Amino acid sequence: MDQFIAALKEHYDLEITSLSQQQGGWSAFAYKALTRNQAYFLKVYDKSRASTPKWTTLIDDYAPVLVWLQQHSGLKGKIPVPLLTKEGRYTCENEDGILLLYEYIDGETIAERELTKEQVSQLAEIISELHSYDDNLPMKTGALKESFDVSFLQQLSMMLNNESNPMPSDVGEMLEPHRKRLNSLIVAVEQLSAALKNSPSRFVLCHTDIHNWNLMQSGQTLLLIDWEGLKLAPVEADLMFLTDKPYYDDFLSIYRERHPNFTINPDALRFYQGRRKLEDIGEWLEQLLFDKQDAKERAATLSGLTRDLQSLSQ
Ligand SMILES: Nc1ncnc2c1ncn2[C@@H]1O[C@H](COP(=O)(O)OP(=O)(O)O)[C@@H](O)[C@H]1O
Ligand SMILES: [Mg+2]
């Protein structure tokens, strides 16, 4: 903890009076940092975790877009933007971690609750505003472009076939009944990837990780947080999280006010849903095979893996 307080002093010139760990998310540790008159949210990506590069290599590409959206778009006040260090950087790092600092959002994460009608309407406004921006932005966006990349499937196949680390026996047993479905999904996603690479589609800014743990209510305002997946991609990269929601029709009626000619591309939708499932399964396996975990963490990972494997048959 002291090392983070020192880093916040060195790089942000902040006198932190208290730092407490918060319930984190999927990719990073989370802390609430207080100075005498301000609260901050500190996200720390642990360098020893196998997944960290996936979340951190694009920070310098997506953060400028967030700053621009905050200043120039209707998303102002509805998205958190990383604070700059004294050196004008979006992150600072020490031996163990990569640190990102935000203003603290005084509000509640939606989490397990259902969205209200008003929240659905605000979410639809956020997403339709976001989707009105394409690559015509005043900064480099090349690294954010969707490439329909599925190279992670090689590593997934290696993990499944015991070619990387030996598979713990309980994990192997858990996988066994799902292997056939898993393999057919891998093939389907590879085919869709190849097809989409060759078919022209319009790319717009997409969040790519819309769920209730990434939505916070603060006063009258719904905020969409956790922008580390920001991409220029077909709209299905976002709509995949919404099409099976009970509120999808309400969402669409607002979304269509801004995007009247919009139709879903079923191939893109199937690609994103399939790739996401495989990515999630791959991350659980990566944790089980490569990360140092205590018994509690391991149990949580196993239960996440079970849930995602079961969803393959739906
Ligand atoms: N700026 C913020 N202020 C207060 N709480 C936040 C802020 N950003 C995130 N959180 C809380 O921390 C959790 C994890 O943050 P998130 O950015 O989603 O990280 P992860 O990438 O690990 O999922 C969120 O679900 C939310 O409850
Ligand atoms: Mg999150």
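The values are calculated or read from the model by the stated rules, or taken from the named source; none is laboratory data. Here the structure is a predicted model, which is why all the values come from computation and not from measurement. Using ideal geometry, Cβ is built from the backbone for each residue, glycine included, and neighbour counts are taken over all protein chains shown.
Of note:
- On inspection, Ile110 fails the criterion of being surrounded by 16 or more Cβ atoms within 10 Å (Cβ to Cβ) and out of contact with any helix residue (DSSP H, G or I) (no Cβ under 8 Å at 6 or more places or on another chain).
- Candidate set: region 180-208, residues that are among the polar types (S, T, N, Q) and assigned to a loop (DSSP other than H, G, I, E, B); chosen: the one farthest from ligand 2 (Cβ to nearest atom): Asn198
- Here Thr221 passes the criteria (1) within 23 Å of the chain's Cα centre (by Cα); (2) at pLDDT below 95 except the one numbered (2).
- Every pair of residues 6+ apart whose Cβ atoms lie under 9 Å, when the first sits in region 209-221 and is over 10 Å from Thr109 (Cα atoms) and assigned to a strand (DSSP E or B) while the second is near ligand 1 (Cβ under 9 Å from one of its atoms) and not aliphatic (A, V, I, L, M): Thr221/Gly107
- Note on region 15-25: among residues that are surrounded by fewer than 14 Cβ atoms within 10 Å (Cβ to Cβ) and within 10 Å of ligand 1 (Cβ to nearest atom), the one that is modelled with the lowest pLDDT is Gly24.
- The residue that is surrounded by the fewest Cβ atoms within 10 Å (Cβ to Cβ), among those in region 217-256 that are over 23 Å from Trp26 (Cβ atoms) and within 16 Å of ligand 1 (Cβ to nearest atom), is Gly219.
- Among residues of region 10-34 that are assigned by TED's automatic domain parsing to the domain that holds Lys86 and farther than 26 Å from Glu87 by Cα, those with a Cβ under 7 angstrom from a residue that is within 14 Å of ligand 1 (Cβ to nearest atom) and acidic (Asp, Glu), sequence gap 6+ or separate chain, pair up as Gly25/Asp226.
- In the set Gly88, Gly142, Gly77, only one residue is at pLDDT 95 or above, away from ligand 1 (no atom under 16 Å from the Cβ) and not assigned by TED's automatic domain parsing to the domain that holds Gln287; that residue is Gly88.
- Odd one out for Leu215 among (1) within 18 Å of Lys277 (Cβ to Cβ); (2) within 16 Å of ligand 2 (Cβ to nearest atom): (1)
- In the set (1) surrounded by fewer than 16 Cβ atoms within 10 Å (Cβ to Cβ); (2) near ligand 1 (Cβ under 10 Å from one of its atoms); (3) of a type in the set (A, V, I, L, M, F, W, C), Phe29 fails one condition alone, (1).
- Residue list for region 140-181, filter: buried (at least 18 other Cβ atoms within 10 Å of the Cβ) and either under 27 Å from Lys231 (Cα atoms) or without any contact (Cβ under 8 Å) to a residue 40 or more places away in the chain (or both): Thr141, Leu144, Glu146, Phe148, Val150, Leu153, Leu156
- Among strands (runs of 3 or more DSSP E) entirely within region 1-66, having at least 3 residues that are within 16 Å of ligand 2 (Cβ to nearest atom) singles out 29-34, 39-46.
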